[in-house]
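Below: the structure, in structure tokens.
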Amino acid sequence: MEYRRRALLGASAAGIAAAVGGCLGSDAEDEGSIAGEELALATTTSTEATGLLDEINAAFEERFGTRVAANAEGTGAAIRSARDGNADVILVHARSREDEFMQEGYGVNRRDLMFNDFVIVGPSDDPAGASDAEGAAAAFDAIASAQAPFVSRGDESGTHTKELVIWEKADNEPGGEWYRSLGQGMGETLTHANEAGAYTLSDRGTYLSRDDIDLEILVQGPIEDGPALLANPYGIMAVNPEIHSNVNYQLAMTYIGFVTSPKGQEIIAEFTANGEQLFYPEALSAEPNFQQYVPEGWQPDSADD
């Protein structure tokens, strides 16, 4: 699905400030200024496949009288859509790619939104002995050494990005007939791995939302005391209106305000599938992490002065 391009939003700075300020309030006049508009959201397949996206967007649409046109296609594709000016806001899960997007000037007002983790799943008999390995990289090394079938998303998504990071830390490189790159979403990848009796890397949320596969978690992520390498944080940010004047920045900031508000965070915390919590809210804290707003490690030029 291609996003539609919109005409230049003729909102004044005061109007934008009023909309952002009204994100979490109840002023009917502020809400009415965006009623009937449409938000272009580029996001990951995991938010859609689990059903969380429908839950959040339905609440947002009811609250503000707007429509969310969501395109779930993986982090890499979502960022490309936003870079081309075909999205107002992105919700993704690959911090290194998000940082690059911000450093290039395309993204502004980033917020930590939620997290879960990645898990390594595979057949219950675990022919490669991945479950006996010490950590994620060692498990990948065991799979490669055994040349056991491994299915990769291969789609530049956040999950694929994490997979490549793990392979970089392993002693073996993926390749050959045992390594299958699909170029598809997490749901399709899990289905293919299940049918082939193969290993794969999955976000915990999508895995737990499936009750039709026989794959088992063989290496846990940090939610279950597994390695920190398998952490899976999600971020959300608006597309910079100074780069793409057609984006609806006012509506993007309203959406960011909603999903990071107590109500939005409550929706995330209470969302379950098959009796399991899939995501954990991260936007609100008594001690907020201000590094979330800028690329990781960024410091102002005057930091050493």
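Using alpha carbons only, how many angstrom separate the centre of the range 122-177 from the centre of the range 213-238?
14 Å
So for the chain, averaging the separation of alpha carbon pairs under 8 Å that are six or more residues apart and normalising by length, what relative contact order in percent results?
On the way: 597 pairs, mean separation 81.2, N = 305.
Once normalised by length, the contact order is 27 percent.
What is the packing order of peptides 106-114, 89-97, taking the mean over residues of other C-beta atoms within 10 Å and listing the highest first?
The most tightly packed comes first, giving 89-97, 106-114.
Which whole-number value in Å² is the accessible area per residue of the chain, probe 1.4 Å?
Heavy-atom accessible area per residue stands at 44 Å².
For the ranges 193-202, 257-266, 164-173, what's the packing order if you count other beta-carbon atoms within 10 Å of each residue, average per peptide, and put the highest first?
Put in order of decreasing packing, that is 193-202, 257-266, 164-173.
Could you give the length gained on full extension between ARG67 and GLU177, defined as 0.36 nm per residue of separation minus the Cα-Cα distance, in nm?
Values: separation 110, 0.36 × 110 = 39.60 nm, distance 4.49 nm.
Between ARG67 and GLU177, full extension yields an extra 35.1 nm.
Please list, by residue number, everything in the range 197-215 whose backbone N is under 19 Å from a paramagnetic label point 7 Å out along Cα→Cβ of SER124.
The answer is 197-200, 207-215.
Would you kindly work out the equivalent ellipsoid of the range 117-230 from its C-alpha gyration tensor and give its semi-axes, the square roots of five times the eigenvalues, largest first in whole Å?
Details: eigenvalues 58, 51, 41 Å².
Computed over the range 117-230, the values are 17, 16, 14 Å.
Students often get this wrong, so try it: which of (1) -0.33, -0.53, -0.75, -1.40; (2) -0.33, -0.53, -0.76, -1.22; (3) -0.28, -0.46, -0.68, -1.26 is log10 I(q)/I(0) by the Debye sum over Cα atoms at q = 0.07, 0.09, 0.11, 0.16 Å⁻¹ as calculated from the structure shown?
(3)
Determine the calculated [θ] at 222 nm for the chain from helices alone, applying -39500 (n - 2.57) to every DSSP H run no shorter than 4 residues and normalising by the residue count; nearest 500 deg cm²/dmol.
Using -39500 (n - 2.57) per qualifying helix, the result is -10000 deg cm²/dmol.
Filter the GluC sites (Glu not before Pro) in the range 100-153 down to the DSSP loop ones having no more than 13 other Cβ atoms within 10 Å, then list what survives.
Counting only loop positions with at most 13 other Cβ atoms within 10 Å, the GluC sites (Glu not before Pro) in the range 100-153 are GLU104, GLU134.
Just grab the label-to-label distance for GLU276 and ASP212, each label 7 Å out from Cα along the Cβ direction, in nm (one decimal).
According to this spin-label approximation, the distance is 1.7 nm.
Can you list the residues of the range 153-189 with backbone N under 14 Å from a point 7 Å past the Cα of SER96, pointing along Cα to Cβ?
156-170
The values are calculated or read from the model by the stated rules, or taken from the named source; none is laboratory data. This is a predicted model, so every value here is computed, not measured. For neighbour counting, all protein chains shown are included, and Cβ atoms are generated from backbone atoms with ideal geometry for every residue, glycine included. What goes into the accessible areas is simple: the full protein's heavy atoms, side chains included, and nothing from ligands, DNA or RNA. Shrake-Rupley method; radii C 1.70, N 1.55, O 1.52, S 1.80 Å.
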